[in-house]
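I have placed the structure first, in the form of structure tokens, so that the comments after it can refer back to it.
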Amino acid sequence: MPNAAVVKALSAVLAAAPFAFGLIRAIRTGTDVRYVWVALAAMAGGMIVTGAARGFRRPLHPAGLAAAVFVVSTALAVIAALVLGTTLGPGILIVAASFAACFAAASFLVLLARRAHR
């Protein structure tokens with residue numbers, strides 16, 4: 001396995017990607033910051049799951065944590081988009097799932113790096 005610092009850096013890049021897309025969209029349109037809010041909601045989902053997982057007596061398997069982060073992040077991202085007035089359809093589902101996948105992959109890599117460091 002690569003160096004833990006490299007894995008954590010890759011994790012940070014993955015977690016930053018949804019915000020980069022949100023900022024690019026905001027800059028290109030001049031006013032549309034919905035993707036930034038959707039990214040924040042997806043990140044909140046990842047933080048909620050990760051925080052809850054820390055309370056478990058036995059640590060979660062990295063794939064289990066990533067799956068839980070994906071599901072909750074996707075749900076919160078879709079809810080945020082709907083609150084912002086987006087119509088539910090394939091577009092928002094793809095964006096929400098893509099953002100959630102970034103946070104799920106980031107949480108997976110961080111947990112792997114922590115386990116390798118022990």
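Just so it is clear, none of the values below were taken in a lab; they were calculated from the coordinates. Keep in mind it's a predicted model, so treat the numbers as computed, not measured. Quick reminder, even Gly has a Cβ in these numbers, built from the backbone with ideal geometry, and neighbours come from all protein chains shown.
Rounded to the nearest 500, the 222 nm mean residue ellipticity of the chain from helices alone is -29000 deg cm²/dmol, with -39,500 (n - 2.57) taken per DSSP H run of at least 4 residues. Residues in region 70-86 carry Karplus couplings, in order, of 4, 5, 5, 5, 4, 4, 5, 5, 5, 4, 4, 4, 5, 4, 7, x, 6 Hz; the curve used is 6.51 cos²θ - 1.76 cosθ + 1.60 with θ = phi - 60°, and Gly or Pro positions show x. Projecting label points 7 angstrom from Cα along Cα→Cβ for THR31 and VAL71 puts them 3.9 nm apart.
With r defined as the distance between the Cβ atoms of ALA53 and ILE24 and R0 fixed at 30 Å, what FRET efficiency is calculated, to the nearest 0.05? Mind dumping the intermediate values first?
Working: r = 31 Å, r/R0 = 1.04.
Step by step, r from the Cβ atoms, then E = 0.45.
With an a/c value of 1.5 or above and a/b not larger than b/c for the gyration tensor axes a ≥ b ≥ c computed over the alpha-carbon atoms, region 1-109 is described as oblate. A crude spin-label estimate for the pair ALA63 and LEU10, with each label 7 Å from Cα along the Cβ direction, gives 1.7 nm.
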